[in-house]
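> Attaching a single structure in structure tokens format; questions to follow.
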Amino acid sequence: MAIHLPLHKLSQWQQVAFCAALLERMLPNYHMFAEHVEFGDFKVLRNQLDLVWQWLDKANRCKINYDAQIAKLEEQVPDPEAFDFLGVFPALDSAMALMSLFQAMQDPESDGFSSVSKLSENSVSYYVELSLAQQIDETTPDEEEIIISPEQIDAHPLMAWEIATQQEVFDFLATASENKASCLKVKALVLEEGLSNLGIEINA
């Protein structure tokens with residue numbers, strides 16, 4: 001079940017906050033990948049997301065040099081073909097989601113905001129499909145092809161959690177005041193479990 005939230009009904013501020021909240025759940029996946037393969041600088045992505053949160057604080061809004069930030073981020077984007085590690089795909093999704101957010105902040109009419117939602121969902125879908133295939137593989141004869149249905153993916157607890165979280169963040173921001181207090185509340189909402197969207201423990 002693909003997530004189709006009417007993000008266009010939100011203000012630009014609300015859409016940026018929505019994406020920043022989802023990225024809080026995605027960045028730990030990049031962190032795990034970077035530590036495992038010694039590629040990329042997680043601090044660059046962390047600092048950039050912090051910059052977005054600062055931009056959302058209207059009382060103390062910072063200016064963002066989007067071209068400079070995107071150039072920095074491009075250096076941290078992993079090439080999936082260069083790594084024999086499945087964690088490269090969620091890491092790539094994290095970097096591309098942050099890239100999409102910066103591009104959408106420059107051009108709110110683009111589909112960058114919805115891209116962040118889709119990339120977060122895709123990370124979970126990919127991870128769930130791999131997990132299910134691995135479980136089935138352990139009990140299936142070698143000659144049998146393993147096929148995972150969309151219904152099996154949708155029924156998985158991680159996908160149910162992803163869908164519920166995106167809906168909860170959307171519902172909260174749709175009526176939230178556009179201020180720092182709302183940022184703190186939505187950030188606390190997505191970090192409450194202390195886990196990334198793939199269930200990976202978030203390092204403090």
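The values are calculated or read from the model by the stated rules, or taken from the named source; none is laboratory data. Model, not experiment: these values are computed from the prediction. Neighbour counts run over all protein chains shown; Cβ positions are idealised from the backbone, glycine included. In case anyone asks, the SASA skips ligands and DNA or RNA and just uses the protein heavy atoms, side chains included. Shrake-Rupley method; radii C 1.70, N 1.55, O 1.52, S 1.80 Å.
> Distance from the Cα centre of segment 82-104 to that of segment 6-55, in angstrom?
10
> In addition: Any chance you could give the angle, 0 to 90 degrees and rounded to 10, that helix 12-37 forms with the longest Cα principal axis of the chain?
Helix 12-37 sits roughly 50 degrees off the main axis of the chain.
> Measuring with a 1.4 Å probe in the full set of protein chains, what accessible area per residue, in whole Å², belongs to the chain?
Normalised by residue count, the accessible surface of the chain is 52 Å².
> So, one more: Using amide H atoms built 1.01 Å from N in the peptide plane, name the residues 5+ places from Leu195, or on other chains, whose amide H lies under 5 Å from its own.
Long-range HN contacts for Leu195: Ile202.
> What fraction, in whole percent, of alpha-carbon pairs in segment 1-123 exceed 23 Å separation? Mind showing how you got there, number by number?
Details: 2055 of 7503 pairs.
The calculated P(r) of segment 1-123 puts 27 percent of pairs beyond 23 Å.
> Then there is this: On a 0 to 90° scale, report how tilted helix 88-106 is relative to the longest principal axis of the chain, with both axes built from alpha carbons and the result rounded to the nearest 10.
With both axes taken from Cα atoms, the answer is about 20 degrees.
> Which pairs break 22 Å Cα to Cα here: Lys43/Lys187; Lys58/Lys187; Lys9/Lys118; Lys72/Lys187; Lys9/Lys58?
Pairs exceeding the cut-off: Lys72/Lys187.
> Okay, next question. If I fit a long axis through the Cα atoms of helix 42-56 and take the longest principal axis of the Cα atoms of the chain, what angle between them do I get, 0 to 90°, rounded to 10?
Its long axis makes an angle of about 40 degrees.
> So if a site counts as exposed when it's one of the trypsin sites (Lys or Arg not before Pro), its DSSP state isn't H, G, I, E or B, and it has at most 16 other Cβ atoms within 10 Å, what's the longest stretch of the chain without one?
Here the longest segment lacking exposed loop sites spans 64-204.
> Sticking with this one: Semi-axes of the equivalent ellipsoid for segment 52-204, please: Cα gyration tensor eigenvalues, times 5, square-rooted, ordered largest first, whole Å. Intermediate values should be presented prior to the final figure.
Working: eigenvalues 213, 80, 36 Å².
Equivalent ellipsoid of segment 52-204: 33, 20, 13 Å, largest first.
> Between Ser149 and Thr175, what length comes free when the chain is fully extended (0.36 nm per residue of separation minus the Cα-Cα distance, one decimal in nm)?
5.7 nm
> Probe radius 1.4 Å, ligands and nucleic acids ignored: give me the carbon and sulfur share of the accessible area of segment 1-122 as a rounded percent.
Here carbon and sulfur together make up 49 percent of the probe-accessible area.
> So which chymotrypsin sites (Phe, Trp or Tyr not before Pro) in segment 154-189 are both in a DSSP loop and have at most 13 other Cβ atoms within 10 Å of their Cβ?
none
> At 7 Å along Cα-to-Cβ for each site, give me the label-to-label distance between Val37 and Glu109 in nm.
3.7
> Considering only DSSP states other than H, G, I, E and B, which GluC sites (Glu not before Pro) in segment 16-76 qualify as loop sites with at most 12 other Cβ atoms within 10 Å?
Answer by residue number: Glu38, Glu75.
> In cubic angstrom, how much convex hull volume per residue do the alpha carbon atoms of segment 20-67 span?
Looking at segment 20-67, the number lands at 70 Å³ per residue.
> Taking Cα centroids, how far is segment 146-165 from segment 114-134 in Å?
9
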